[in-house]
Structures are given as C-alpha cells and as structure tokens.
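Take a look at the structure below.
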Amino acid sequence: MHSDPIGTPFQRVKRNIARASNHLNKNDFLKAVDAARTAFALVPACTTVVGQQKIELRFMLEEFCDKFSNTPGILLILSRMKMRARPYLKFVNGNHEMIASRLEIFGTRLEDMEREKVERHELQRDARRKELLDKGQQCLDSGETPRGKAYLRRVAEEFGDEPGVVTDVGKRMLAAELFPEAAEILEESRSRFPGDSEAYQHCVHAYLGMGEFAKAEAVYKDALRQFGNHPITLLNLSKLYLAWRKRDEAYDYARRALEADPSLDEARAIMDRTA
C-alpha cells in the first residue's frame, strides 16, 4: 500500500483518490488499486470532517467508485475474473471497509493474472526459440546451409537480449565450420555480454579457422583485460603465438602462464622450445 503520511487525513484521501483516478486514465490498474486502497483506509480518520469538506469527501469517493466500475479495461478484467457484481464498487456511508476489501481482492487477482500472462509469454518465447534453433540445426546437419544460417540469425535477432543465446548460435555456426559467420555472431555476443567467457573462447576458434591470427590475438587480449591473467588464457595465447611463428611472444606468455601456475608443464615445454 502506498505510504503517504503528509497532510490531514482528508488531504491524504483527496491526494490518493486523484492518483488512483490518474492511474485509471492510464490503464495502470494495479497502481490505481494501490492508491485507492490507501484512500479508503484513511476514511475512518476523516470523522471530524464537516461542512463543505464532508460533502467533497463523499462526492470524490462516489465519483471514483463510479469511474472504476465503468472503466472499460476494468469491466473486461472483471469479466475475465468472472466477478459479476455490478457495479463492482459503490460507495455509501459506512461501507469503506467493503470497498477496501473489494479493491484488495481485485488487486490480488489482477497480480495473479499479470504473473500468469508473463509466464505464458515466457513459455511461448522458449518454444519459439527452441523451434528456430532446432530447424536451423537440422538444416545445417542436412547440408541446407543458407536456410540453416537464416534460422539461426533469426534466433540471434529475436532473442539476442537473453544471455547465452547469441553464443549458442555462434557455437552452432562454428561447429558447421561457418567461420566468418560464427566470428561475426560471437563478436556480437562479446559486445552484448562482455562477461560471457565462452563467447571469447569460441570467437578465437572462429578466427583461427580463418587463419586470422591477429584477430584471435585481439580476442585473447580482451579476455585478459576482462577476466584477469588466467594461466590457461596466457598459455593459449602462447600457443597461438607459437602457431603464428612469433617465438619471442610465445616464450613470454608461456613464462607468464608458468609463473601464474607452476604445474603447467605445457608452458614449460613451450619455453624450452622457444628459448
């Protein structure tokens, strides 16, 4: 419930009814219910209100109940909830507790509906993502490469905001030896999710598949900056330099790998080989 401690009870009722009405206009029904519940909970504290304020209080509460009960979006939700009481809210003196109770029931049911809607949407997204991935993989496996790439690119476009999805697409392209496409996708994954270490690993393999040593080197160095001087990354960069016939660099990174992890016999072997 909205906390609103400033002003007299009458002022607070007036302010919250105005908020609730404004939220109704915007079809933000949960916020409307929250503000209205605050207002009706304050009605008992307005017993000292007299004269024009008493008339205004009754009018504003009646007007809000009428507006709530006749808002098209509310009527649609009430129908879906199978709540047949019409009007759903009708204010008369002394029934503020019933109004607050009905608002709470409506709000709770609406929260349940919103949660179920989100869950249904997520299930539909999961099903569509799986369908596209499966179709893409089947096409790649059967040699229909252009169609397979099209399906997988659609996955990256539609679901690229979900962690791991773009990397998964890149891995599938890499496995199909589509090295340029895999590198492009995996670079996109690194850009979107720089903390996804798997994207760096597969991106290196994509560049190595094309013989692009300089680009693979750049990815390794990005990984060192992002994740620190991990001994295996240092070792792998040393092996890259060895394949690239850069003996001095291979020796240097093998030494750094061995210093970070003295158990790396492969690093020691590279140092012996390039000394």
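The values are calculated or read from the model by the stated rules, or taken from the named source; none is laboratory data. Predicted, not measured: the structure shown is a model, and the values here were computed from it. Positions of Cβ are generated from backbone atoms using ideal geometry, with glycine treated the same way; all protein chains shown enter the neighbour counts. All accessible areas refer to the heavy atoms of the entire protein, side chains included, with ligands and DNA or RNA removed. Shrake-Rupley method; radii C 1.70, N 1.55, O 1.52, S 1.80 Å.
Before moving on, here are some points about what is shown:
- Plainly put, the range 170-224 has a radius of gyration that is 0.93 times its Kirkwood radius, both from alpha-carbon atoms, as the Rg/Rh ratio.
- Amide H contacts of ALA176 (H built 1.01 Å from N, in plane; Pro and chain starts excluded): no residue 5 or more places away or on another chain comes under 5 Å.
- The heavy atoms of ARG12 offer some 60 square angstrom of accessible surface to a 1.4 angstrom probe.
- Compactness of the range 229-274 as Cα Rg over 2.2 N^0.38 Å, two decimals: 0.93
- From phi via Karplus (6.51, -1.76, 1.60), per-residue ³J(HN,Hα) for the range 135-148 in Hz, x at Gly/Pro: 5, x, 5, 4, 5, 4, 5, 9, x, 8, 4, x, 5, x
- Shape call, the range 28-179: gyration tensor on alpha carbons, a/c limit 1.5: prolate
- In the chain, helices alone account for a calculated mean residue ellipticity at 222 nm of -25500 deg cm²/dmol, with every DSSP H run of four or more residues adding -39,500 (n - 2.57).
- Accessible surface of the chain, 1.4 Å probe, proportion on carbon and sulfur as whole %: 50
- Entry comment: accessible area of the chain is 56 Å² per residue, from protein heavy atoms only and a probe of 1.4 Å.
- Histogram of C-alpha separations across the range 107-264, 10 Å bin width, %: 11, 30, 26, 18, 10, 4, 1
- Under a Gaussian network description of the chain, with springs only between Cα atoms under 10 Å, the residue in PRO231, PRO72, PRO194 that fluctuates furthest is PRO72.
- For peptides 137-143, 266-272, sequence by mean Cβ density within 10 Å, most packed first: 266-272, 137-143
- Kirkwood Rh in Å, taken over all unlike Cα pairs in the range 1-82: 13.1
- In order through the range 70-80: 3J(HN,Hα) via Karplus (6.51 cos²θ - 1.76 cosθ + 1.60), integer Hz, x for Gly, Pro: 10, 6, x, x, 5, 4, 5, 5, 4, 5, 5
- Diffusion constant of the chain at 4 °C, which comes from Stokes-Einstein with the Kirkwood Cα-pair radius and 1.567 mPa s, µm²/s: 53
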